[in-house]
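Report on the following structure.
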Amino acid sequence: MTSADNAQPLEECMEVAVRVARRAGQVIQEAVKHDKCVSTKSTAADLVTETDHQVEELIISTLRDKYPSHRFIGEESSAAGEKCFLTDSPTWIIDPIDGTCNFVHSFPMVAVSIGFAVKKELVFGVIYHCFDETLYTARKGHGAFCNGLRLQVSKEKDVSKALILTEIGAKRDPETLKIFSGNIEKLLKAHAHGIRVIGSSTLALCQVASGAADAYYQFGLHCWDIAAAAIIIREAGGSVVDTSGGPLDLMSRRVVAAGTMEMATYIVQQLQEIDYERDDHQAH
Ligand code: IPD
């Protein structure tokens, strides 16, 4: 796969994505200094601000101007009712602010995430950490990089030597919280070195890509949280799978990622599932 369609080489699309992600990051850096207008979406823990909307509009309008035939899946457009499903068309999958709760609290783990898929296959990803200005990128077959330095996942296979990341997700009902805690408890009982929750799925997944964490799992994330990060982890040598152990299903809202397949498989075996509605539910 060398081109998004006949006209645009993927490399050029990725350069455009990097430029718009950096611009979006500047808008977020400026906005974090000011009061925010915060609303909720699916639950009281699922936050959105006017900056999420502004940044998504900036990214999509910039890309649509340049690539009018491409499709777009964006977090806030989907929340507003736009259909969220992949076709064979070149498709941009965008999270304007990943870590909106962090952004609201000025907790410095906030990213812009832009993934790109052609014929339903992820072909490049760009994640920009807005606070420390770190840029993660990967293109299929060309490796993964952080600020230009090549990324390599951890080779750890043994959970008792692992640092594992997860995120809570938006559902907070007693049953969900019980399963969430139970999953953590199982990994701690297996003597994992530690479990971390940093408030941004994309940046947590980037820690797996860089080898700073050995694994990540989550129920309740969205396709825009996984798209860019999945290709970055794979290009850094890691595995990204469904929580059933099968291939990643971008719309399933669940993932296990790890430096090694052995680690991913172990974690898959420990997890009890938390049920979330699929991202493409409107398509059925
Ligand atoms: C969310 C964050 C959060 C994770 C959620 C994500 P958002 O993204 O990454 O940590 O638990 O599943 O949807 O709403 O801040 O873009």
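The values are calculated or read from the model by the stated rules, or taken from the named source; none is laboratory data. Just so it is clear, the structure is predicted and the values come from calculations on it, not from any experiment. Because the Cβ atoms are built from the backbone with ideal geometry, glycine has one as well, and the counts that use them run over all protein chains shown. In case anyone asks, the SASA skips ligands and DNA or RNA and just uses the protein heavy atoms, side chains included. Shrake-Rupley method; radii C 1.70, N 1.55, O 1.52, S 1.80 Å.
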Comparing Gly246, Gly220, Gly143 in a Gaussian network model of the chain (Cα, 10 Å), the one with the largest mean-square fluctuation is Gly246
Lys186: which lysines have alpha carbons under 16 Å from its alpha carbon, excluding same-chain residues fewer than 8 sequence positions away?
-> Lys161, Lys178
Residues of the chain: accessible area per residue at 1.4 Å, in Å²?
-> 43 Å²
In nm, to one decimal, how far is the modelled label at Lys120 from the one at Ser244, with both set 7 Å along Cα→Cβ?
-> 1.4 nm
Ignoring everything but the protein chains, give the 1.4 Å probe accessible area of Arg23 in square angstrom, nearest 10.
-> 110 Å²
Expressed as a fraction of 2.2 N^0.38 Å, the rule-of-thumb size for a compact globular protein of N residues, what is the C-alpha radius of gyration of the chain?
-> 0.93
Within the stretch 11-47, backbone nitrogen closer than 14 Å to the virtual label 7 Å beyond the Cα of Ile168 toward Cβ = 43-47
The chain: DSSP helices with Cα axial extent of at least 27 Å and average Kyte-Doolittle hydropathy no lower than -0.5 | 10-31
What FRET efficiency do you get for Thr62 and Gln152 if R0 is 41 Å and r is their Cβ-Cβ distance, rounded to the nearest 0.05?
-> 0.80
Over the stretch 159-283, what is the mean sequence separation of C-alpha contacts under 8 Å (at least six apart), divided by residue count, expressed as relative contact order in percent?
-> 27 percent
Segment Gln29-Glu15, extension gain: residue separation times 0.36 nm, minus the distance between their alpha carbons | 2.9 nm
Dipole magnitude (debye, nearest 20) for the chain, charges at Cβ of Lys, Arg, Asp, Glu | 560 debye
Evaluated at 20 °C with a viscosity of 1.002 mPa s, what Stokes-Einstein diffusion coefficient in µm²/s does the stretch 7-150 have when Rh comes from the Kirkwood expression over alpha-carbon pairs?
-> 138 µm²/s
Where the accessible area of the chain is counted over protein heavy atoms with a 1.4 Å probe, how much of it, in %, is carbon and sulfur?
-> 51 percent
Relative contact order, percent, the chain [alpha-carbon distance under 8 Å, six or more residues apart] = 17 percent
Given a cut-off of under 8 Å on Cα pairs at least six residues apart, what relative contact order in percent is computed for the stretch 7-150?
-> 21 percent
Return the FRET efficiency for the residue pair Lys178, Met261: r is the Cβ-Cβ distance, R0 is 25 Å, and the value is rounded to the nearest 0.05.
-> 0.30
Checked against a 19 Å limit on the C-alpha separation, the offending pairs among Lys157/Lys189; Lys83/Lys119; Lys119/Lys140; Lys83/Lys120 are none
Paramagnetic reach from Glu277 in the stretch 240-260 [backbone N under 17 Å; point 7 Å along Cα→Cβ] | 251-254
